Amino acid sequence: MTPVPVILNPVAGGGRLLRQQGSLQAVAAGRGSELDIWISESPSHTIELAEKAASAEIPLVLAYGGDGTYNAVARGLLGSSTAMGVLPGGTTSVLAYEFGVPRPAQRSVDALLGGEDRAMRVGRTDDDDIVLLMLSAGPDSHVLERLRPSFKRLGGRVGVALQAIVEAMSGGALPRIRVTSNTTIDEAGWVIVGNSRCYGGKFCATPGASPFRDDLEVVSQRSNGRRAAVSFLFGIPSGRHVSRDDVVREVVDRVRLEAASPGAEVPYQIDGDVMGVLPVEVSIDPNPLWIRLPAQH
């Protein structure tokens, strides 16, 4: 049997993977492999575990959790020959949608162990964070920054939706963002910098982005305010948001976001987690990240 480490966020899915070990081991055995569970104690520990696998030149590591777990594992593997396979274990696990990983976990394990590796590119900020899916600033990061602990305990999408309703009903102006790319300087109320297509699930907020190219797609909504933001958001599932008159799309290799008003504190998020306040600059990291893509049936 070939041992395959599974770097596990133990709280993901309410600890579901730990309860399913028997059935998952049976699936892995059918592929000539054995799952070796490595339980992570924190995001920094997740990175350390991934670095351990990379140093040992282990061919494949499976990451079980949500997009934050995937991001931490990727940090530890970036530039190595060890591939990462993503097991959907979070509330949404958006990166698993991007790569077409089937659900539930039994199907994921089988498809990933029988899959093939491909080198992807990731974004890198000037604060040394990496971007697998997207970096954004605007109403979404505003909502995430203000997410109430009581809402957060209800689960990812439910809690964020409730907080979004609270913010939509509140007053006050939303900040504007200055966007400086390769050739242009613009202002917007909402900016999504996509390294991948998917956002919040299967929805394609940056439909022209690809994790297998060395560029980023920037989708900017020039309009500002809660009504415009709600209309933009509701257009994402159907793709109508990019057809709006107030939306600009651009493919770039580098982009800088900063608050349009001096002194304004505008939060930004990466892969679903608030990481800081503007300014931030993001470009493509020169190192590859090997990804295990699922077998197609």
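Of the residues that sit in segment 216-231 and are in contact (Cβ under 8 Å) with a residue 40 or more places away in the chain and at negative phi, which one is surrounded by the fewest Cβ atoms within 10 Å (Cβ to Cβ)? First the steps, then the outcome.
The initial filter retains those residues of segment 216-231 that are in contact (Cβ under 8 Å) with a residue 40 or more places away in the chain, namely 216, 220-221, 224-226, 229-230.
With the extra rule that they be at negative phi, the set shrinks to 216, 220-221, 224, 226, 229-230.
Details: L216: 28, S220: 24, Q221: 25, N224: 21, R226: 19, A229: 23, V230: 13.
Across segment 216-231, the extreme among qualifying residues is V230.
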Among the residues of segment 3-15, is there at least one that is under 22 Å from D285 (Cβ atoms) and in contact with a Lys or Arg (Cβ under 6 Å, 6 or more places away or on another chain)? no
Looking at (1) within 13 Å of the chain's Cα centre (by Cα); (2) crowded, with 18+ Cβ neighbours inside 10 Å, which one does K202 not meet, given that it meets all the others? (2)
Could you run through segment 210-247 and say how many residues are over 30 Å from P288 (Cβ atoms), at pLDDT 95 or above and of a type outside the set (S, T, N, Q)? 7
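L95: within 12 Å of the chain's Cα centre (by Cα) and assigned by TED's automatic domain parsing to the domain that holds I270, yes or no?
Values: within 12 Å of the chain's Cα centre (by Cα): yes; assigned by TED's automatic domain parsing to the domain that holds I270: no.
Here the answer is no, as L95 does not meet what is asked.
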Kindly indicate which of N195, N287 is at negative phi, surrounded by fewer than 16 Cβ atoms within 10 Å (Cβ to Cβ) and not hydrophobic (A, V, I, L, M, F, W, C). N287
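Of everything in segment 204-253 that's aromatic (F, W, Y) and part of a helix (DSSP H, G or I), which residue is farthest from S283 (Cα to Cα)? Reasoning before the result, please.
Looking only at segment 204-253, we keep the residues that are aromatic (F, W, Y), and these are 212, 232, 234.
Still in the running and part of a helix (DSSP H, G or I): 232, 234.
Working: F232: 25, F234: 28 Å.
Per the stated criteria, the residue is F234.
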Conditions (1) touching a helix residue (DSSP H, G or I) at 6+ places or on another chain (Cβ under 8 Å); (2) surrounded by fewer than 24 Cβ atoms within 10 Å (Cβ to Cβ); (3) among the small types (G, A, S) -> G115 fails only (1)
Could you identify the single residue in A83, A72 that is within 15 Å of I7 (Cα to Cα) and touching a Ser or Thr at 6+ places or on another chain (Cβ under 8 Å)? A72
Quick test of your reading of the structure: S40 fulfils all but one of (1) surrounded by fewer than 16 Cβ atoms within 10 Å (Cβ to Cβ); (2) within 27 Å of the chain's Cα centre (by Cα). Name the failing condition by number. (1)
Taking into account only those residues within segment 88-109 that are of a type in the set (S, T, N, Q) and in contact (Cβ under 8 Å) with a residue 60 or more places away in the chain, which is surrounded by the most Cβ atoms within 10 Å (Cβ to Cβ)? S108
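Considering only residues that are within 13 Å of the chain's Cα centre (by Cα) and either in a strand (DSSP E or B) or modelled with pLDDT under 95 (or both), which ones fall in segment 174-199?
Residues of segment 174-199 within 13 Å of the chain's Cα centre (by Cα): 192-199.
If the condition is that a residue be within 13 Å of the chain's Cα centre (by Cα) and either in a strand (DSSP E or B) or modelled with pLDDT under 95 (or both), then I192, V193, G194, C198, Y199 are the ones that fit.
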Looking only at strands (runs of 3 or more DSSP E) that fall completely inside segment 24-91, which ones have 2 or more residues that are farther than 23 Å from E116 by Cβ and among the β-branched types (V, I, T)? 33-39
Taking segment 92-127 and keeping only residues that are part of a helix (DSSP H, G or I) and either within 12 Å of L289 (Cα to Cα) or touching a strand residue (DSSP E or B) at 6+ places or on another chain (Cβ under 8 Å) (or both), one is left with V94, L95, A96, Y97, E98, A105, S108, V109, L112, L113
Out of G65, G30, G85, I need the residue that is surrounded by fewer than 23 Cβ atoms within 10 Å (Cβ to Cβ) and either touching a residue at least 12 places away in the same chain (Cβ under 8 Å) or at negative phi (or both). Which one? G30
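The values are calculated or read from the model by the stated rules, or taken from the named source; none is laboratory data. Given the structure is predicted, the values throughout are model-derived calculations rather than measurements. Ideal geometry is used to build each Cβ from the backbone, glycine not excepted, and the neighbour counts take in all protein chains shown.
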